[in-house]
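Let me begin by presenting the structure, written as structure tokens, before commenting on it.
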Amino acid sequence: MTTKIAIIGAGNVGGGLGATMSRAGFPVRFGVRAGTDTKALLESCGKDAAALDVTEAATWADVVFLAVPGSVALDVAKSLAPTLAGKVVVDCNNPLVWKEGPVWNPPAEGSLAAAIAAIAPGAKVVKGWNTFGAEFHKNPSQAGVPAQVYLASDHADAKKLLAEVAEKSGFRAVDAGPLRNASVVENTLEGQRAVVFGGGSGAGLAAAKRLAVDGAWTNTRDKGAGTYQALFCSGDDLWIGSETFLEWTEPDTVTDGGR
Ligand SMILES: NC(=O)c1ccc[n+]([C@@H]2O[C@H](COP(=O)([O-])OP(=O)(O)OC[C@H]3O[C@@H](n4cnc5c(N)ncnc54)[C@H](OP(=O)(O)O)[C@@H]3O)[C@@H](O)[C@H]2O)c1
């Protein structure tokens, strides 16, 4: 059975992601507010895409992506909580608010994803698709290799399903462990505000492997010398570290940034 995907929020992230997944063959429904013009977006999608009311879209779907401003993500999850029971819910959001610049404002639970899981206890919440810019939701291969998606969740079946959806849509899925790691996955974006890519034969992955890193790797858009952040995985543990490269292929110093 084809996985039915709802995207709540049809902005930079939701619009790009929905169009990408639709073109990959998934049936997609955008959950939008009344009066939203989705004509151009739907024209960029595959054949089975439509826009519905937010609750209608979530009700219809197997998997519900939340791609709304971080400041309203919890309100939206709360209003949809009964609808989300039993469904896979992907939290693409970051707890950023703007006060004369970006301010990191995580909820008391430590991450938006953990807070959403508390608000919607029947949902299988997964953190993911939040660590790269919206240009990669629109085109996962824009860096020349598939953008990596870090999936943190306590629901192994949900991560397995999303890994299949990710790979079919042109991303590379990385298991980021349990939901408690969502705070690290969210902080990755805050720490670097950069592009996540890897896989294939990239030098970054080679270096990461040499450092016994378990396949997860983040770096900046620029492949030159400099300090790069990386997500380090070991079993269920995940932490952010940084490495300084004198040249791209040779790790010079390694600094464990702690968990
Ligand atoms: N932009 C990025 O590069 C990027 C990258 C990674 C993660 N993120 C995260 O992804 C999320 C979305 O970012 P974005 O850049 O796509 O934002 P955006 O372009 O502003 O889009 C937000 C969407 O959410 C909708 N929305 C707002 N309030 C809503 C509500 N109460 N109920 C239902 N829908 C609502 C908006 O609809 P209206 O038009 O009706 O307001 C709009 O379609 C954020 O949490 C952000 O932190 C962004």
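General observations
- If you plug the beta carbon distance of ASP37 and ALA85 into 1/(1 + (r/R0)^6) with R0 = 35 Å, you get a FRET efficiency near 0.65.
- The local environment of LYS78, defined by Cβ-Cβ distances under 14 Å, has a net charge of -3 under the rule Lys, Arg +1 and Asp, Glu -1.
- Full extension of the chain between MET1 and ALA50 yields a length gain of 15.7 nm, computed as 0.36 nm times the residue separation minus the alpha carbon distance.
- Amide hydrogen proximity for ARG172: with H placed 1.01 Å from N in the peptide plane, the residues at 5 or more positions away or on another chain lying under 5 Å are ALA147, GLN148, VAL149.
- Label point of LYS160 set 7 angstrom out along Cα-Cβ; within segment 64-88, amide nitrogens under 20 Å from it belong to 64, 86-88.
- Computed extension gain for GLU167 through SER71, at 0.36 nm per residue and net of the alpha carbon distance, reaches 31.6 nm.
- Stretchable slack from ALA134 to ARG23, in nm (0.36 nm times residue separation minus alpha-carbon distance): 38.3 nm
- Listed peptides 83-89, 147-153, 73-79 by packing density, highest first (mean Cβ within 10 Å): 147-153, 83-89, 73-79
- Across segment 4-12, computed HN-Hα scalar couplings (Karplus, 6.51 cos²θ - 1.76 cosθ + 1.60, θ = phi - 60°) run 8, 10, 9, 10, 8, x, 10, x, 4 Hz from first to last residue, x flagging Gly and Pro.
- Distant-in-sequence amide H partners of ALA123 (H built 1.01 Å from N, under 5 Å): GLY86
Read-outs: derived from the displayed coordinates by stated rules, not from any lab. Every value quoted in this text rests on a predicted model; they were computed, and no experiment measured them. Methodologically, a virtual Cβ is constructed for each residue, glycine included, from the backbone with ideal geometry; neighbour enumeration extends over all protein chains shown.
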